[in-house]
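Nothing in this text is a laboratory measurement; each read-out follows from the coordinates by a stated rule. Everything quoted here is computed from the prediction, not taken from an experiment. As a convention, Cβ positions derive from the backbone with ideal geometry for all residues, glycine included, and neighbour counts pool all protein chains shown.
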Amino acid sequence: MAGLGITIRRIEESQGVARSPGTGRRMTGGYDERCAADLAGVGEGRDLSRADRAWLARVVTGAVRPNRDKPLWDLAHALAALARAGGARDGRALVSLALDPGLATPAAVEARFAGNAATDARGLVLDGGWRTGWSGLARLLALAEFVLTAEDLAQFATVTGWLDELAASPDAEGAAFLAKRLARQSAAYRNAHLPLAPLERRFRAILVFLAGRRAFGDDDILAFWREEMRGGERPGFRTVAEHFVTFEAGAHLLDGLEGLASAASLAAADGWEERLDASLADLTAAEPAEALAALLAAWPDGPKILTGAEREDLADFLRLEPFHRTRPLTTLRAASFGRVQSGIANRLRRGGGGADLAERAACTEAETYADLQARAGALAAHLARMLRIAAALAIAERDGLSPQTQAALEAAEADLRRVRRAGFEDRAALTAGFAAAASALLRLAEEAGRLERALAALDRQRPLEAAFAADRAVFAEALTAAYAGEAA
Amino acid sequence: MSDEARLLAELHAARALVRAKGPAVRPSHAALWAHAIRAPGQPVDLALERAIRSDPDTARRYRTLLGAQALAHAPLAAAASDGALLRRRVGPFELEILEGEDGAPPLLILRGAQAPMPRTIEAWLGDAAVRLDLGEPVEGAILLALDPAVPEAALLGRMLRDPACAVFLL
């Protein structure tokens, strides 16, 4: 059994799964549950915009260049300026400012502090040297809340003590000293809660594999995965695809990274801020719309517009956003063979093995691309139909509408009468349920439609039946070789 | 190259964190902090008080916030002692209860060598809590009559005599 434990650990480590040293809990994606909860506390408490949440997450993970401690330097100076302006005698007043959910937006911050001794027309100033604008200050206060409340308040007393000292000498020197302390604390936090080393290894391997190229194709992802499988790393295909999603989003940042560290002109650094934010853009640009995965996870209770199985299918197709639009072949590979591989990994985790494992590795049960395409099409059609029903429910007054529109709404009504799903009997509750789900429904219908079109285009260019047969041989070979030891 | 891989790893974790929906803590830190720094006698959020009394995790968070802003605090029994405790140290401060004679109420005396002196005392025993204004010091000592006719003062007196009582001087 000990051997099995090691096998599981090896699989998980290769998939970027680390364990939290304190709790032994599994951590995926480079962070642990504590970190997610700490960030959620600040984000929910202040009702932060997605852009501000993304900024805060970036600061916490350290994705800030040229100097990942720059936000802490800014925070220390902002607190010094606020301490001086408010005449704070101790750290308490600063804690109160940091924890005040009413100071979460630039407008609120400006309304509170404009005209204050430490400000000019654009924002906060310390000793005529350091400065930040109102939106910068609003973000820094969110960061202040994070450093105070991190690790479920484990550091609260310590940081409050530091703020006491800052309030006693709120000048540039005091700020620099606090900045150093915060930088040390945040490095320790990353060590404890952000297991980035396995991720870093994976990205280094991708960089070596691409040998300086920034552009890549579906077949590069597959070739890289096979190489990792042969090397004994055995990462999940989906996990690797997820890493390529991030690589694509961040690739444009990589050129000139070294130049930035040496040149470090302020203008260059400012440009970088924007580019780093942009690399999180597919999560933030469509604000207030959420990432598709989050949207599905938070689907409201109510009429069964989507069944659990339909939501799972959609999540499976859309989890590699934006690849369902841009790289449909990788989406199909992940949905078909990625699932086979997860099945193998799960079986090993549960302690199974033997013949069944060999059978799974041969990919005989893999869902064909044609079947997946049909399922994606059915989902898109279902969502489009639900969208028409939503319109029919929302538009009660139809006299002034064109005959075509009226006919379409009538058709949707007829459709509605044919639906046999829980919660579709009571029209008032149904109308409310559809209204609550309307924006999510619209976005999902749109994305399912884009997936359907991307798959159709792929089929024309690389017929799915042949592509599946070729891929099945490749995946079966790779999986059989990689898991042969366990299957024996 | 090594920083390229590092930046991508940091971005990957940041993106995953933005997608992750961690459960937010309730009540919020902000609400607990506002409760911790309230002036004595100020109206309180009853639901919040109930949460602090009934939920051990909320109580722990609240006491952390309270302890961090206290001039001194003794989160648990200051002294192992049998029977009623009439004198205890809380950080640099000394608290003493003088029993009243001839029907006079007991007196709480708080002495401390250092300025500033606390303005408020909050005591916790089990799930019971009381917060009182201490008034101005006179010649380096604060005197508070634990008048049995004032329920909160009487409760404070009873609690302080118990070694398990936690004391926060704010």
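Need one value for A:191-199: mean number of C-beta atoms belonging to other chains within 10 Å of its residues' C-beta atoms. Don't skip to the end; give the middle numbers.
Details: counts 0, 0, 1, 5, 2, 7, 2, 1, 9.
So the per-residue partner count for this stretch is 3.
Which residue, A:Ser342, A:Pro71, A:Leu409, has the largest displacement toward the positive end of the dipole of chain A when charges sit on each Cβ (Lys, Arg +1; Asp, Glu -1)?
Most positive-ward Cα: A:Ser342.
Efficiency by 1/(1 + (r/R0)^6): what FRET value for A:Arg443 and A:Glu359, r their Cβ-Cβ distance, R0 = 35 Å, to the nearest 0.05? Walk me through the numbers before you get to the answer.
Details: r = 39 Å, r/R0 = 1.12.
The formula returns an efficiency of 0.35 here.
Helix A:403-418 versus the longest principal axis of chain A: what is the Cα-based angle in degrees, 0 to 90, to the nearest 10?
80 degrees
So what's the gap between the Cα centers of segment A:322-369 and segment A:151-174, to the nearest angstrom?
Computed from Cα coordinates, the inter-centre distance equals 51 Å.
Where in segment A:187-256 are there trypsin sites (Lys or Arg not before Pro) that are in a DSSP coil and have at most 15 other Cβ atoms within 10 angstrom of their Cβ?
Numbers: sites: A:Arg190, A:Arg201, A:Arg202, A:Arg204, A:Arg213, A:Arg214, A:Arg226, A:Arg230, A:Arg238; in loops: A:Arg213, A:Arg214.
Sparse-neighbourhood loop trypsin sites (Lys or Arg not before Pro): A:Arg213, A:Arg214.
Would you please classify the overall shape of chain B from the alpha carbon gyration tensor, given that a ≥ b ≥ c denote the square roots of the eigenvalues, rounded means a/c under 1.5, and beyond that prolate means a/b larger than b/c while oblate covers the rest?
Numbers: a/c = 2.82, a/b = 2.28, b/c = 1.24.
Note, shape of chain B comes out prolate.
Along the charge dipole of the protein assembly as shown, which of A:Trp272, B:Ser54, B:Gln69 sits closest to the positive end, that is, farthest toward it, with unit charges on the beta carbon of Lys, Arg, Asp and Glu (+1, +1, -1, -1)?
Checking the options against the dipole of the protein assembly as shown, the answer is A:Trp272.
With Rg and the Kirkwood Rh both taken from Cα atoms, where does Rg over Rh land for segment A:48-137?
Values: Rg = 13.2 Å, Rh = 13.8 Å.
Rg/Rh for segment A:48-137 comes to 0.96.
Choose one of A:Leu442, A:Ala392, A:Gly351: the residue whose Cα lies farthest towards the positive end of the charge dipole of segment A:293-444 (beta-carbon charges +1 Lys, Arg; -1 Asp, Glu; about the Cα centre).
A:Gly351
Over chain A, what per residue volume does the convex hull of the Cα atoms give, in whole Å³?
Details: hull volume 94.2 nm³, N = 488.
Here the figure is 193 Å³ per residue.
Please work out the FRET efficiency for the pair A:Glu273 and A:Thr158, using the Cβ-Cβ distance as r and a Förster radius of 41 Å; give the result to the nearest 0.05. It would help to have the intermediate numbers written out before the result.
On the way: r = 29 Å, r/R0 = 0.71.
My answer for the efficiency is 0.90.
Placing +1 at every Lys and Arg Cβ and -1 at every Asp and Glu Cβ, with all other atoms neutral, what dipole size does segment B:85-148 have around its Cα centre, in debye to the nearest 20? Write out the running numbers ahead of the final one.
Details: 6 positive and 11 negative charges, 72 e Å.
Rounded to the nearest 20 debye, it is 340 debye.
Could you size up the charge dipole of the protein assembly as shown around its Cα centre, putting +1 on the beta carbon of Lys and Arg and -1 on that of Asp and Glu, and report it in debye to the nearest 20? Could the numbers behind the result be given before it?
Values: 79 positive and 87 negative charges, 262 e Å.
Using Cβ point charges on Lys, Arg, Asp and Glu, the protein assembly as shown gives about 1260 debye.
Among A:Arg421, B:Arg19, which comes first, then next, by fewest other beta-carbon atoms within 10 Å? The partial results should precede the final answer.
Working: A:Arg421 13, B:Arg19 19.
Ascending Cβ contact count within 10 Å gives the list A:Arg421, B:Arg19.
Scattering from the C-alpha atoms of segment A:86-126 alone, worked out with Debye: what is log10 I(q)/I(0) at q = 0.22, 0.23, 0.28 1/Å?
-0.80, -0.86, -1.10
Compute, for segment A:58-185, the length of the dipole vector about the Cα centre, with Cβ point charges of +1 (Lys, Arg) and -1 (Asp, Glu) only. Units Debye, rounded to 20.
Details: 14 positive and 14 negative charges, 77 e Å.
Approximately 360 debye in magnitude.
Tabulate in residue order the Karplus-calculated ³J(HN,Hα) for segment A:225-233, using 6.51 cos²θ - 1.76 cosθ + 1.60 with θ = phi - 60°, rounded to whole Hz; enter x for Gly and Pro.
4, 4, 5, 5, 5, 5, x, x, 6
How far is it, in nm, from the label point at B:Asp45 to the one at B:Ala128 when both lie 7 Å from their Cα along the line to the Cβ?
2.6 nm
Could you give the angle, 0 to 90 degrees to the nearest 10, between helix A:134-153's Cα long axis and the longest principal axis of the Cα atoms of chain A?
80 degrees
Any chance you could give the angle, 0 to 90 degrees and rounded to 10, that helix A:50-61 forms with the longest Cα principal axis of chain A?
Helix A:50-61 sits at roughly 80 degrees to that axis.
Which percent of the Cα-Cα distances in segment A:362-424 go past 20 Å? Present the calculation step by step, with values, prior to reporting the outcome.
Values: 879 of 1953 pairs.
When every Cα pair of segment A:362-424 is considered, 45 percent fall beyond 20 Å.
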